[in-house]
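Student: If you scroll down you'll find the structure; I have some questions about it.
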Amino acid sequence: MKHDNNSSTTLKIDGMHCASCQRPIEKALRETAGVKEVSVNLANREVSIESSVGSDVLVAAVAGAGFEAVVDTIQSLEESDRVSQQKFNGLIRKTILALGFGALLMAYGMYAPVTGSDWNPAHFAWLLIALITAAIMYYTGRHYFSGAFQSLKTRTATMDTLIALGTGMAWLYSTIIVLFPALVPEVARHVYFEAAVIIIGMVNLGQALEQRARGRTSQAIRRLLDLQQKTACVVRDGEELDIPIGAVVKGDMVRVKPGEQIAVDGIVMQGQTNIDESMLTGEPLPVTKGPGDEVSAGTLNKAGSVVFRATRVGADTALARIIKLVRQAQNSKPPIGRLADNIAAVFVPVVMLIALFAGLVWFNVGPEPSAVYAVVTAVTVLIIACPCALGLATPMSVMVGIGKAAEAGVLIRNGEALQTASQLSTMVLDKTGTITSGRPEVVEIDALGDQTLNSLLQLAASLEAVSEHPLAQAFMDAAALKELELSAVDSFEAIAGRGISGRIGNAQLLLGNKKLMQENDIPLESGPLQASDRMAGKARTPVFLASDGQLLAVFAIADPIKPESAAAIRRLHADGLKVVMLTGDNRHTAEAVARQVGIDEVRAEVLPEDKKNQVAELQHKGERVGMVGDGINDAPALAMANVGFAIGTGTDVAIESADITLMRGSLHGVADAIDISRATMRNIRQNLLGAFIYNSAGIPIAAGALYPLTGMLLNPIIAGTAMAFSSVTVVSNANRLRFFRFADKP
């Protein structure tokens, strides 16, 4: 559990391009006093910090690592979008300039190559070109050079280091050829000014396309933000006022008209309407709301005008908490992502050594012009090896996968839960409120005399009106539905473990189980007993009503199975999971429910404090266990499970009580979570495999491994293009998850 003084801060990082950039940022923050937890998201260019220090201290720590940081908030996302668009436009302009100038240099180089060992007018032209090239490199790629310089100051190496070294070497070698042509044989007098600017241009183009694609990965957050109203209509002193949403305070009376979105969380005081809650819960059907019902910010009022009292405003609304949870989850890393981080920690320094070694080999034992070959191979290795794709492989997929889950009302708390959910072998389900609705109902009345069903129900409900038994509400709800008027009860008595008794008018009534009837010598004939057994066989609780020594009726009370439970459990079976029901109910009732929904194993009559031990027992048998419960009563078992699923509805759900929270009360949400987690992990593996293949194959080719077979070396420009588009490929593959389709719900 986090310390009360800790708070969560999200920083936007400028200049973080690759996995190697993460290391100095993480190191600087972790070494800051008061920082408890750090999670860097390369895809979002963000870092989430749990700490007890102010944001100014955190910003200063990031600055000390050579990067600029600003505090990010939900309200700043619109500004972030604007800045992102400006960066995209700027990168495109720089790309056009660099590629255009590079193309002109290629044409000019073919028309007027550097020749002769003495200075001539052509050399002056090339000297001018060298200066112009340096200026264009500075304008279009200074962020790479400044990033490399900052890395040097902190004794680290990043993607910027590789690009700056590669293009800088190409420019420096070419300038030496122009200034001192006599130093090298004429056959080696090749200049690579065009390669330097074209490489920067291609890397800029790749980053621009990557930035555009990255914007699509956070569409789920954008859609959630679009649900936030800018104004609200409040009723104060009998007058309706449209005020900014930030001015609404707890206790305000808020009116919402047809077609408007709910501005804040609240409880309906007047009116009735249907509300579309699909963007929060994933539930497609509108929900009827009336006095006493809760409404949530961001949901859509379909029809009817209601007035509700604001109960949660600002950052306390369910919508705001969901947005915060999703953003934090998108910034987290699954364990598989740490593999890429560990590789990136040593990748860039190793690449620099490989480039140096390759250059020396070509210079010493390569064919003439050996100096040219040495420069080309060293530059090409540096350029092609930038670990951008490797660093983006995991966070891009996590962002899209968690966002896609949120659209279906499945809130995945962190990357570790996302990965573990894909590996579960057993799903443990609580019965009440998970498989069943959790709200008992009177589903059958077997009358034995001449009295009408309504009169029997009226007697039972009148008795239960003063009872505190959990089943009492079932009788009360049934009577209210029939609009029955309840009678006064005298001499009421609750008989523990049996039922209740009381007098209505001149009649002495008993309402309870079979033991209560037997202890009061109420004759139970074969018909009522058969009805009782039949009810119990259907997972219904029989309740007997007697008056003045005679049995009047047998009521069947049931906690109805949710209509979708059986279909959702079939989906879990199709995913290869064993399904276990864990309940405190008696075995007879539990097994009846299990038969109806297709449960594999029943563990009944389990005390709440023992549920945790039952989960642990399954884990000891080698099972990876998911536990589904209400997030409160089942908290110990949820915590013990490999992945805990808190199931609930709307704002009543305990959003932060489990690894995965299901915003609607359907078990389909569990199957949805399993499906999206597996799809996301497949996507991550594809990205990592592609990035590993690219780097492991690209570096040897760049170093000249194919030269003995083909007589050709990889052109640095082609290497720059491949490097840039490897990142675009990873981002595009991650974006395929946006089109993931959840199974149709029957």
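Student: Tell me the angle of helix 668-703 to the major Cα principal axis of the chain, expressed in degrees between 0 and 90 and rounded to the nearest ten.
Tutor: 10
Student: Extending each Cα 7 Å along its Cβ direction at Lys482 and Arg682, get the distance between those two points in nm, one decimal.
Tutor: 5.3
Student: Which three numbers, in whole Å and largest first, are the semi-axes of the equivalent ellipsoid of segment 431-501 derived from its Cα gyration tensor as √(5λ)?
Tutor: Equivalent ellipsoid of segment 431-501: 21, 17, 12 Å, largest first.
Student: Over the C-alpha atoms of the chain, what are the Rg and the largest Cα-to-Cα span, Dmax, in Å?
Tutor: 34.7, 128
Student: I would also like to ask the following. Farthest toward the dipole's positive end in the chain, which of Gly438, Met106, Val625, given Cβ charges of +1 (Lys, Arg) and -1 (Asp, Glu) about the Cα centre?
Tutor: Met106
Student: Also, quick follow-up: Round to a whole number: what % of the accessible area of the chain belongs to carbon and sulfur, probe 1.4 Å?
Tutor: Carbon and sulfur together cover 56 percent of it.
Student: Leaving out ligands and nucleic acids, and using a 1.4 Å probe, what accessible area per residue does the chain come to in Å²? Don't jump to the answer; show the numbers that get you there.
Tutor: Values: 32370 Å² over 746 residues.
That works out to 43 Å² per residue.
Student: Given a Förster distance of 56 angstrom, what is the FRET efficiency for Tyr138 paired with Val249, based on the Cβ-Cβ distance and rounded to 0.05?
Tutor: Efficiency computed from Cβ-Cβ geometry: 0.55.
Student: Which listed residue (Leu429, Gly537, Leu453) has the Cα farthest towards the positive end of the charge dipole for segment 428-544, taking +1 on Lys and Arg C-beta and -1 on Asp and Glu C-beta about the Cα centre?
Tutor: It is Leu429, whose Cα lies furthest towards the positive end.
Student: Top to bottom by accessible area (1.4 Å), largest first, where do Phe124, Phe193 land?
Tutor: Phe124, Phe193
Student: Given H placed on each backbone N at 1.01 Å, which residues far from Thr311 in sequence or on other chains put an amide H within less than 5 Å of it?
Tutor: Gly251, Asp265, Gly266, Ile267
Student: Over 24 Å between Cα atoms, which of Lys12/Lys333; Lys257/Lys289; Lys404/Lys578; Lys230/Lys324; Lys333/Lys621; Lys36/Lys621 qualify?
Tutor: On the way: Lys12/Lys333 17 Å; Lys257/Lys289 13 Å; Lys404/Lys578 26 Å; Lys230/Lys324 18 Å; Lys333/Lys621 28 Å; Lys36/Lys621 34 Å.
Going by Cα-Cα distance, Lys404/Lys578; Lys333/Lys621; Lys36/Lys621 fall outside the 24 Å limit.
Student: Here's something else I'd like to know. Asp316 label point, 7 Å along Cα→Cβ, cut-off 19 Å on backbone N: hits in segment 244-274?
Tutor: Of the residues in segment 244-274, 244-255, 262-269 have backbone N under 19 Å from the label point off Asp316.
Student: Estimate the FRET efficiency between His573 and Arg439 by the formula 1/(1 + (r/R0)^6), using the beta-carbon distance for r and 25 Å for R0, to the nearest 0.05.
Tutor: That pair, His573 with Arg439, gives E of 0.40.
Student: Over all directions, what mean area does the Cα convex hull of segment 465-531 project, stated in square nanometres?
Tutor: Averaged projected hull area, Cα only: 5.5 nm².
Student: Measuring from label point to label point, each 7 Å out along Cα→Cβ, what is the Gln530 to Ser84 span in nm?
Tutor: Once both label points are built, they end up 7.0 nm from each other.
Student: Let me ask you something else. For the chain, with only Lys/Arg (+1) and Asp/Glu (-1) charged at the beta-carbon, what is the dipole magnitude about the Cα centre, in debye rounded to 20?
Tutor: Magnitude of the dipole: close to 2780 debye.
Student: Cα extents of segment 516-607 along the three principal axes, largest first, in whole Å?
Tutor: 56, 26, 18
Student: In addition: Taking 7 Å along the Cα-to-C-beta vector as the label spot, tell me the Ser7-Lys257 distance in nanometres, rounded to one decimal.
Tutor: 3.9
Student: Normalising by the residue count of the chain, find the relative contact order in percent from Cα pairs under 8 Å and 6+ residues apart.
Tutor: Numbers: 1491 pairs, mean separation 102.4, N = 746.
Reported as a whole number, the value is 14 percent.
Student: Could you let me know the centre-to-centre spacing of segment 122-170 and segment 522-594, using Cα atoms, in angstrom?
Tutor: 76
Student: How are the Cα pair distances of segment 492-568 distributed, in percent, across 10 Å bins from 0?
Tutor: So the P(r) values, bin by bin, are 18, 45, 23, 10, 3, 0.
Student: Hey, what number do you get for the chain at 222 nm if only DSSP H runs of n ≥ 4 count, each worth -39500 (n - 2.57), divided across all residues, to the nearest 500?
Tutor: One gets -16500 deg cm²/dmol as the mean residue ellipticity at 222 nm.
Student: Now for a separate question. Which value, in debye to the nearest 20, describes the size of the charge dipole of segment 360-507 about its Cα centre when Lys and Arg Cβ atoms bear +1, Asp and Glu Cβ atoms bear -1, and nothing else is charged?
Tutor: 720
The values are calculated or read from the model by the stated rules, or taken from the named source; none is laboratory data. From a predicted model like this one, the values you see are computed outputs, not experimental measurements. Using ideal geometry, Cβ is built from the backbone for each residue, glycine included, and neighbour counts are taken over all protein chains shown. Heads up: the accessible areas ignore ligands, DNA and RNA and are worked out on the full protein's heavy atoms, side chains in. Shrake-Rupley method; radii C 1.70, N 1.55, O 1.52, S 1.80 Å.
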